[in-house]
Amino acid sequence: MAALTVARILHAGYVFTCEGTRIAFDTIFENPFSRNCHAFPDVRFDEALIRRQRFDAVFISHFHDDHCSLESLDLLDRATPLYIYCLFDELFDMVRALGFTRVHALQLDVPVDVGPFQVVPREAMDAEVDSMFQVRAAGLNVLNVVDSWIDDAALARLVAEKPWDLVLFPFQTMREIEVLAPTRAEPAPPALPEEWLEQLQALDPRFVVPSSCQFRLEPWSWYNRAFFPISYARFTDEVQAVLPHARVVRMDPSVSMQLDADGLHPAPPLDWIIPVGAQDVDYIYEGNADAPPTADIARHFPALTADQWTRVLDFCRTGLADRYAALDDESEYFDSPRLWQLSIHDHAGEVTRFRYRLSPGSADLVDDDGPLGWTTGIPAVKLYAALELGESLTSLYMRINDAVFDADTERDVAQADVVEDPLIRCLFSEGFGAYQRAQLRRLLSPAVPGPVPIAPADT
């Protein structure tokens, strides 16, 4: 009987095996990945064994650093065919600079045949960023949604591809933006979005795996109570209620399952992923409860070196103004002059404050005690990491508008988008692939003097 083996790596990572052919998706072999996303449940990777693995192809759904990490790709044989969905040529250049010789750009709806596999990239809601994968093998039909959202048109096309044997479906509605301004965000209901349940009903698979969220933040982080509203248990209960004939199957890292016409059966685990501690863990959501001050968060991180601190101060004194002047995106809130306070907290929780008079095209340092129009706080070590290490917004512990403004400003702030924040716009306005560029510098020139990486977070 024809069969397909599906094994979980981590997060959105999978290995598919059929008739001796092995392909992999979104290969992340790091814990933590994306600097401070800690595997949940906890695992460690045997890098020596990973270097001995041979894949007939690796597929990458999009360029985000939790799906496309050069430090993980560095463990793979350079002759491995890589198929990447990305609209930016820079990523392909970086992967080739790492030494890979068979690098291909994926096109939506254009199949890629690898032995018994046919892999078809399918359009996600944000087609400029990410993709989904349809995988056919052994007469079976699998949909890997990765961590995409599906719009109505894409859903209709996927329904036309029925029947689905297995759907790997994202299960976590993460609160990446809300935790930036917890005093101004409403707690999310701990329930799946109604459209997710409707989409799963329309797809009507035999099996559903809750996918694409297998991490939490540092053990001390308040984000662990506020970032992840959905539990595995909640996902299972809600999906089973609308798909009583389907089976929801949790797959932790290293777990393998054999899929065939008769069902889904346990298979030998991946031996290069070693579970650590309890694996039957789940998320606990408490809304925005007890968000600590940024000064307290900063105390969990190490001190910057003198050179690193100088880099941060130079940015705040001159570099930020240059970047702000170069911004070409529009911000309705900052079309009017505003007084902005930026607070940088060191490892001892001590704060250094800067005030800027913002107007379109300029950010001028001022000594002004007037009423504030916006506030931003951030640990110094995280600002340095964003400047030099490509760290993403998700893990910066930025705190926005944790203040009470005058009545007119409060009215305007209530209508503003948190991501209009001046620091966010300045840090993430300098083009594509900052995280991968920082990785490539470290991988290609590990002995060349340069910015010193910050130490791991205090646990």
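The values are calculated or read from the model by the stated rules, or taken from the named source; none is laboratory data. Please read all numbers here as calculations on a predicted model, not as lab measurements. Every residue, glycine as well, gets a Cβ built from its backbone with ideal geometry; the counts of neighbours run over all protein chains shown. To get the accessible areas, we keep the full protein, side chains included, count just its heavy atoms, and leave off ligands, DNA and RNA. Shrake-Rupley method; radii C 1.70, N 1.55, O 1.52, S 1.80 Å.
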Sorted on mean Cβ neighbours within 10 Å (highest first), peptides 173-181, 136-144 come out as 136-144, 173-181
For the chain, whose charge dipole is built from +1 on Lys and Arg Cβ atoms and -1 on Asp and Glu Cβ atoms, the candidate among 291, 373, 111 with its Cα farthest towards the positive end is 111
Rounded to the angstrom and largest first, Cα extents along the principal axes for the range 134-174 equal 35, 20, 11
Reduced to Cα centres, the span from the range 92-125 to the range 392-433 in Å works out to 36 Å
Helix 434-444 sits off the longest principal axis of the Cα atoms of the chain, rounded to the nearest 10 on a 0 to 90 degree scale, by 70 degrees
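Given a 1.4 angstrom probe, what's the average accessible area per residue across the range 268-382, in square angstrom?
Per residue, the range 268-382 has an accessible area of 50 Å².
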Here the Kirkwood hydrodynamic radius of the range 344-446, Cα-based and in Å, equals 15.6 Å
Taking the chain and counting helices only, DSSP H stretches of n ≥ 4 at -39,500 (n - 2.57) each over all residues, the nearest-500 ellipticity at 222 nm comes to -6000 deg cm²/dmol
In the range 42-92, taking the dipole from +1 charges on Lys and Arg beta carbons and -1 charges on Asp and Glu beta carbons about the Cα centre, the listed residue (67, 87, 48) farthest towards the positive end is 48
Of 301-312, 44-55, ordering from highest average Cβ density within 10 Å down gives 301-312, 44-55
Most packed first (mean Cβ within 10 Å per residue), the peptides 323-329, 335-341 order as 335-341, 323-329
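What is the calculated FRET efficiency for residue 365 to residue 161, with r their C-beta to C-beta distance and R₀ = 60 Å, to the nearest 0.05?
Details: r = 57 Å, r/R0 = 0.95.
After rounding to 0.05, the efficiency reads 0.60.
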Over the range 187-263, with neighbouring protein chains present, the accessible area per residue in Å² at probe 1.4 Å is 36 Å²
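Write down the accessible area per residue of the range 1-152 in Å², having rolled a 1.4 Å probe over the full set of protein chains.
It amounts to 35 Å² per residue over the range 1-152.
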Stretched fully, the stretch from residue 351 through residue 49 gains (0.36 nm per residue minus C-alpha distance, one decimal, in nm) 104.2 nm
Rounded to whole angstrom, the alpha-carbon centroid of the range 136-209 lies from that of the range 313-336 at a distance of 37 Å
Expressed in angstrom and rounded, the centroid-to-centroid distance over alpha carbons for the range 224-303 and the range 1-32 is 18 Å
Residue 164 neighbourhood, Cβ < 14 Å, K/R = +1, D/E = -1, net charge +3
Excluding ligands, DNA and RNA, the carbon-plus-sulfur percentage of the accessible area of the chain with a 1.4 Å probe reads 50 percent
Rounded to one decimal in nm, the spacing of the 7 Å Cα→Cβ label points at residue 442 and residue 110 is 3.3 nm
